[in-house]
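The values are calculated or read from the model by the stated rules, or taken from the named source; none is laboratory data. Owing to the predicted nature of the structure, the values given are computational and were not obtained by experimental measurement. Neighbour counts run over all protein chains shown; Cβ positions are idealised from the backbone, glycine included.
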C-alpha cells in the first residue's frame, strides 16, 4: 500500500531572540550639516548598529532593523550635550565592550559621554520625556539687556496665555505658547547673557520650540530681536518611572533603582 506523500516543508527562519539587556546611551551631538533629514539621521545610526558587531535585537533572524529609540527629536541645526538613546541587545555584554563597539561605529558628529544598563521593564523612553533644557548664549553686545530680559521672562511666566502663530506649510497656525514654558532663567556674564529655557513636551500638543520662546521673550522685552551666539540642548528631563508593587521585581543587573530621572553632563 502506497504511503501518502507529504509536501515539502517550506524553510523557516529562526525566531528572533528576546531582549536580555537594555542600554541607555548619553550622547553629545555636534550641529549637523544643513539639509540633514530625520530619515538620513536614523539611517546613519542603523548603519552604525549593523557594523558595530553587537548582538542587537532586530538584526538577527533576517529582521534587518535594529531595536533602538531616541528620547526626543532635535533640529539638525541645534547641538545636543546629553541626548538619550535606548538600545536593546539579545545577548548580554559588559559596559566596556558596548562602549568600544559603538565608539568604532558612531555616525560622524556624535560621541558617547556615558552609558548604563537599564531595567528591561522600564517604560518607553520617548513617553517619559517631559521637557528639554536649552542654553542660549547671546552676543556680548546684548549685555545691557539682562535686566530687561529677566523682567520680560517674569511677564511671560505670569501670563495666563500667550497666543502666537507658527508657520505650517503655506499657512499660519494659531497656538498658545504658555503651556510649553516651564522655566526661563537669565544670567549675566562678561561674554554675554546666557538664557536657559526649560520647554515642556506634550504628547498631544507637541513640544516647545526654543526659537519661538526667544521671539516671545524679545518681544516682551521691547521688540528688538536677540543676537544669539550659540544655542544648544543641554538636558532632557524624564518623568520618574511608575513605582512597582513589588520592589524586588526591580532588582537585578539591569535595574535603575536609585538613579535620577534626568541626565546632566
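Tell me whether the stretch 193-216 contains one or more residues that are part of a loop (DSSP other than H, G, I, E, B), over 25 Å from the mean Cα position of the chain (by Cα) and assigned by TED's automatic domain parsing to the domain that holds residue 136.
yes
Residue 185 is checked against (1) part of a strand (DSSP E or B); (2) under 23 Å from residue 213 (Cβ atoms); (3) in the same structural domain as residue 53 (by TED's automatic domain parsing) and fails just one. What number does that condition carry?
Among (1) part of a strand (DSSP E or B); (2) under 23 Å from residue 213 (Cβ atoms); (3) in the same structural domain as residue 53 (by TED's automatic domain parsing), the lone unmet condition for residue 185 is (3).
Considering each residue of the stretch 163-186, count those that are surrounded by 13 or more Cβ atoms within 10 Å (Cβ to Cβ) and more than 20 Å from residue 130 (Cα to Cα), and give that number.
Of the residues in that region, 3 qualify.
Please go through (1) farther than 26 Å from residue 229 by Cα; (2) over 24 Å from the mean Cα position of the chain (by Cα); (3) assigned to a helix (DSSP H, G or I) for residue 149 and return the number of the only condition it doesn't satisfy.
(1)
Residues that are crowded, with 18+ Cβ neighbours inside 10 Å, more than 19 Å from the chain's Cα centre (by Cα), over 30 Å from residue 231 (Cα atoms) and modelled with pLDDT under 95: does the stretch 42-56 have at least one?
no
Hey, among 94, 73, 79, which residue is at pLDDT below 95 and more than 16 Å from residue 47 (Cα to Cα)?
None of the others qualify; the one that does is 73.
Could you count how many residues in the stretch 152-173 are over 27 Å from residue 70 (Cβ atoms), in a loop (DSSP other than H, G, I, E, B) and modelled with pLDDT under 95?
Of the residues in the stretch 152-173, 1 are over 27 Å from residue 70 (Cβ atoms), in a loop (DSSP other than H, G, I, E, B) and modelled with pLDDT under 95.
Scan the stretch 220-235 for residues that are more than 17 Å from residue 192 (Cα to Cα) and more than 29 Å from the chain's Cα centre (by Cα) and report the count.
Looking only at that region, the number is 3.
Test each condition in (1) on the phi < 0 side of the Ramachandran plot; (2) surrounded by 13 or more Cβ atoms within 10 Å (Cβ to Cβ); (3) in contact (Cβ under 8 Å) with a residue 60 or more places away in the chain for residue 141 and report the one that comes out false.
Answer for residue 141: the failing condition is (2).
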